[in-house]
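Participant: Take this structure first; my questions come after.
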Amino acid sequence: MRHRMSVWVRTGLLGSTMYCMHRKRSVLAEMKRDVVSPEYELKLVQVVFRHGARTPLKPIPHNQQVEWSPTLLEAPEHTQFNYTVTDLEGGPRPPSPFEERYRSHKLKGGTFPGQLTTIGMQQMFSLGVRLRKTYMEEQSFLSPVFNPSEVYVRSTNIVRNLESTRCLLAGLYQQKQEGPVTIVTDEASSEILYPNYQGCHELKHRTSRISDANNQPGMKDELKKLQQDLDIDNKEEVDFFLLLDNLLAEQVHGFPFSLKYKSHLQKSEQRALNIVSYMVGPNNREILKLMVGPFLYTLQRNMLAVTRNTPPATPSRKLFLYAAHDVTIIPLLMALGIFDQKWPPYAADLTLELYQHRSSKAWFARLNYNGQEQVVKGCRAGLCPLEDFLNAFSAYAMSPEDYKGLCCLKETGSRTKK
């Protein structure tokens with residue numbers, strides 16, 4: 001206990017305050033949560049979540065960089081949960097080029113970029129507790145002890161996501177498990193839990209317009225002003241995403257955060273969202289398909305398998321957990337027509353529920369974002385007939401075969417011209 005308290009003291013009073021605010025939002029979201037009538041039987045839950053708070057991916061290049069001390073990464077005992085990582089077929093964990101890149105240099109203070117922090121661990125544990133309350137205590141849907149035949153767990157092959165999954169499971173099952181937890185992951189070249197620019201040549205080509213987005217009216221002048229205010233040499237290359245990433249991380253961890261910097265955070269977020277909307281607007285359906293089409297196909301397939309009584313390998317699976325990123329959540333929200341024009345917070349979650357009406361046997365689905373019910377595009381209410389619900393998926397979901405074919409279009413064309 002003394003060790004845990006020392007972590008909070010070193011993290012800072014404001015960091016504790018931010019964590020408490022996050023908990024308060026979680027509680028309020030739970031209070032507002034709409035309860036489905038007992039006439040409907042819950043059959044499947046799928047949770048797509050962003051990792052918890054972390055260190056920045058790349059520091060702001062100025063002389064007053066924050067010190068990211070290893071003490072900010074200490075893991076509270078209650079977040080521990082034993083797990084192993086394999087590839088999708090149960091073989092050894094694949095290499096992780098992203099993690100290798102993070103580990104190639106250190107931030108000021110001695111930590112690596114992109115690492116899950118104590119506050120991030122607490123956020124994920126709280127998400128697990130919320131899921132426990134909903135699906136164990138209120139609905140008695142899940143077993144109170146982790147059972148590997150009941151839960152499927154998949155993550156991107158990045159340590160902060162694997163550790164976030166660990167903390168979520170610890171909160172969900174209160175560290176009780178029957179058998180080992182296996183988290184499956186994929187090769188970076190074929191990963192579908194984030195927009196795969198390395199594995200899809202066509203996606204990389206279509207989103208190369210980011211330079212055009214940065215040249216939109218007012219963008220350059222506003223970025224230059226932010227650089228001056230943050231004392232960044234104008235010879236250094238920075239963008240709104242870099243500023244947003246650092247300012248969000250500094251805010252949630254309680255580093256000195258003046259009102260002026262709060263304004264900078266808001267401007268950076270708005271401009272980052274402007275750029276995303278410019279690249280992935282409602283008229284750019286093909287880009288959204290390339291970003292999250294295979295993932296939407298997987299979520300859809302899981303639901304349909306239950307309705308057809310032909311589940312994947314293990315028929316008793318009730319819960320699918322997917323550890324993803326903010327760059328996954330945004331295009332998913334866009335595709336489903338529920339994007340709120342806000343950057344997904346740390347530990348954000350999209351939860352898809354599948355229900356069957358007890359008497360009519362008709363199927364229904366519902367989606368919650370950060371604990372609050374959403375009305376998906378094409379649905380009249382939160383609890384929506386499955387056919388209408390999946391219509392929102394149909395415009396963007398892509399089978400692995402179609403995805404590979406579309407990804408290679410540009411590459412094939414280039415070869416033909418040669």
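The values are calculated or read from the model by the stated rules, or taken from the named source; none is laboratory data. Predicted, not measured: the structure shown is a model, and the values here were computed from it. We place every Cβ from the backbone using ideal geometry, glycine too, and count neighbours over all the protein chains shown. All accessible areas refer to the heavy atoms of the entire protein, side chains included, with ligands and DNA or RNA removed. Shrake-Rupley method; radii C 1.70, N 1.55, O 1.52, S 1.80 Å.
To keep it simple, each residue is scored yes or no on (1) open to solvent by 10 Å² or more (accessible area, probe 1.4 Å); (2) in contact (Cβ under 8 Å) with a residue 24 or more places away in the chain; (3) within 29 Å of Ala188 (Cβ to Cβ).
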position: Tyr278; (1), (2), (3): yes, yes, yes
position: Val292; (1), (2), (3): no, yes, yes
position: Phe295; (1), (2), (3): no, yes, yes
position: Thr298; (1), (2), (3): yes, yes, yes
position: Asn302; (1), (2), (3): no, yes, yes
position: Tyr322; (1), (2), (3): no, yes, yes
position: Pro345; (1), (2), (3): yes, yes, yes
position: Arg366; (1), (2), (3): no, yes, no
position: Tyr369; (1), (2), (3): yes, yes, yes
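Participant: When both residues are 6+ apart or on different chains and their Cβ atoms are under 8 Å apart, which pairs have a first residue that lies in region 57-85 and is in contact (Cβ under 8 Å) with a residue 40 or more places away in the chain and part of a loop (DSSP other than H, G, I, E, B), and a second that is open to solvent by less than 30 Å² (accessible area, probe 1.4 Å) and acidic (Asp, Glu)?
Facilitator: Leu57/Asp245; Lys58/Asp245; Val66/Glu250
Participant: Please enumerate the residues belonging to region 250-276 that are assigned to a helix (DSSP H, G or I), of a type in the set (Ser, Thr, Tyr) and more than 16 Å from Gly218 (Cα to Cα).
Facilitator: Tyr261, Ser263
Participant: Under the condition of being of a type in the set (Val, Ile, Thr) and under 25 Å from Leu88 (Cα atoms), which residue from region 167-217 is modelled with the lowest pLDDT?
Facilitator: Applying the filter and picking the extreme gives Val181.
Participant: Now a separate question. For a quick check of your reading of the model, give me the residue pairs whose first member lies in region 230-259 and is closer than 14 Å to Thr117 by Cα, whose second is open to solvent by 20 Å² or more (accessible area, probe 1.4 Å) and in a helix (DSSP H, G or I), with beta-carbon atoms closer than 6 Å and at least 6 apart or on different chains.
Facilitator: Val252/Met18; Gly254/Leu14
Participant: Hey, another quick one. Residues that are within 25 Å of Ala53 (Cβ to Cβ) and β-branched (Val, Ile, Thr): list the helices (runs of 4 or more DSSP H) wholly contained in region 135-229 that include at least 2 such residues.
Facilitator: Where helices (runs of 4 or more DSSP H) fall fully within region 135-229 and carry at least 2 residues being within 25 Å of Ala53 (Cβ to Cβ) and β-branched (Val, Ile, Thr), they are 159-173.
Participant: With at pLDDT below 95 and either surrounded by 15 or more Cβ atoms within 10 Å (Cβ to Cβ) or touching a strand residue (DSSP E or B) at 6+ places or on another chain (Cβ under 6 Å) (or both) as the only criterion, which of Glu30, Glu74 stands out?
Facilitator: Glu30
Participant: Same structure, new question: Can you name every residue in region 379-400 that is part of a helix (DSSP H, G or I) and at pLDDT 95 or above?
Facilitator: Of everything in region 379-400, those that are part of a helix (DSSP H, G or I) and at pLDDT 95 or above turn out to be Leu386, Glu387, Asp388, Phe389, Leu390.
Participant: Residues of region 129-145 being touching a residue at least 60 places away in the same chain (Cβ under 8 Å) and within 20 Å of Thr182 (Cβ to Cβ), which ones?
Facilitator: Across region 129-145, the qualifying residues are Leu131, Leu142.
Participant: Right, next: Does Phe339 qualify as being under 16 Å from the mean Cα position of the chain (by Cα) and without any contact (Cβ under 8 Å) to a residue 12 or more places away in the chain?
Facilitator: yes
Participant: Is it the case that Ala392 is open to solvent by 20 Å² or more (accessible area, probe 1.4 Å) and either basic (Lys, Arg) or farther than 28 Å from Leu162 by Cβ (or both)?
Facilitator: no
Participant: Scanning region 127-146 for residues that are polar (S, T, N, Q) and open to solvent by 10 Å² or more (accessible area, probe 1.4 Å), which turns out nearest to His78 (Cα to Cα)?
Facilitator: For region 127-146, the residue satisfying everything is Ser143.
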